[in-house]
Amino acid sequence: MLVRLAVVMLNTYREAVRARVLHGLFALALATAGYCVVVGQFASAAAARVLSDLGSASVALYGACVAIILSATSLHREIELKTLFPILARPIARSEYLIGKYLGTVLTLGVFVMGNTAVYLCALAATGGTSLWEIGVVVIGVFAALGLLGWKVPRIATYLPIFCAALLLLAGAYLCSRSPDDRRVLIGSAVLTVLEVGIVAAIALVFSAFSSPFLTAIFTLGVFIVGRSAGTLASLPVRIFGTVPVKLASWLAHVVPNLMLYVPERALLSGESPAGSGLGYWGLAALQTFGWALLLLGLASLIFRRRDLT
């Protein structure tokens with residue numbers, strides 16, 4: 001079973017990294033990073049803080065967008081192009097196929113988040129006083145080494161973005177050692193973003209098991225917005241909105257995943273808050289992701305097993 005899951009996961013990853021929409025979103029994320037650097041320079045006294053705050057928000061936003069788009073289109077494309085039928089003709093269950101697709105999507109999202117965060121870490125290093133030539137040497141060295149490896153071993157070229165994103169993330173974290181608090185904010189936000197998009201991808205997979213890509217994206221976006229507003233919906237004043245709307249909002253807040261858990265205050269990410277000093281908060285966030293992923297994948301598998309693909 002693990003071998004079958006790994007094959008589907010890696011195949012999903014290969015298809016995703018070749019998608020033009022992913023390249024376009026990453027280019028847009030790079031442009032946003034440049035914008036954040038420019039905005040940070042206007043606040044020279046707090047340029048690093050502005051960059052880390054805007055960067056963490058940007059990584060979370062683009063991560064959610066990529067999760068919705070990839071999850072909404074991946075399964076439908078397999079069905080539309082009829083490439084799914086030869087796969088299911090082999091000894092693999094539909095549930096195993098869905099889980100493999102989910103793991104491949106999460107792997108792609110993890111690479112995207114790491115690469116995006118690495119860009120902000122390098123920008124943070126430049127803001128903190130690290131020379132541009134030092135940053136350039138590290139970045140060019142990573143690309144050159146992996147490019148040479150891909151040239152020598154062509155069959156692993158598709159997987160090089162995984163190593164490239166990881167190495168650039170580590171290099172960026174090392175280069176911005178002069179801004180430890182802001183570095184902690186970016187890295188902590190990246191970890192929480194990966195956990196959040198794990199839930200978003202599972203939600204989209206449930207809808208894509210029975211719906212079209214457009215409706216899947218709309219439904220998933222709606223759940224995402226409600227999840228990000230769960231705290232507000234649960235505390236609406238009755239005297240302003242009335243009893244029925246407040247009860248409905250409270251019900252929605254308890255039914256959908258509480259995605260505000262993945263957008264904590266800056267003090268928690270930087271370690272200044274007592275709540276961020278231990279592993280309790282991070283463990284709770286990981287546990288919520290794991291629990292919702294299991295529940296949603298089970299629901300998606302149940303729906304997909306009953307779906308007529310002909």
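Values computed for the structure shown
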quantity	calculated
In order through the range 179-184: 3J(HN,Hα) via Karplus (6.51 cos²θ - 1.76 cosθ + 1.60), integer Hz, x for Gly, Pro	10, x, 5, 5, 4, 5
Net charge of neighbours whose Cβ lies under 15 Å from the Cβ of A201, counting Lys and Arg as +1 and Asp and Glu as -1	-1
Exposure proxy order (Cβ contacts within 10 Å, fewest to most) of D181, D53, D308	D308, D181, D53
10 Å Cβ shell holding at most 12 others, DSSP loop, trypsin sites (Lys or Arg not before Pro): longest site-free stretch of the chain	83-305
From phi via Karplus (6.51, -1.76, 1.60), per-residue ³J(HN,Hα) for the range 76-84 in Hz, x at Gly/Pro	5, 5, 5, 6, 5, 7, 6, 7, 6
Tail weight of P(r) past 34 Å, computed on alpha-carbon pairs of the range 2-305, percent	27
Reachable aspartates and glutamates, given that their alpha-carbon falls under 20 Å from the alpha-carbon of K101 and they are not under 8 places away in the same chain	E15, E78, E80, E196, D308
Helical contribution to [θ] at 222 nm, DSSP H n ≥ 4, -39,500 (n - 2.57), averaged over the chain, rounded to 500	-27000 deg cm²/dmol
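Values quoted throughout were computed directly from the atomic coordinates according to the rules given, and no laboratory measurement underlies them. Owing to the predicted nature of the structure, the values given are computational and were not obtained by experimental measurement. Every residue, glycine among them, receives a Cβ derived from its backbone with ideal geometry; neighbour counts consider all protein chains shown.
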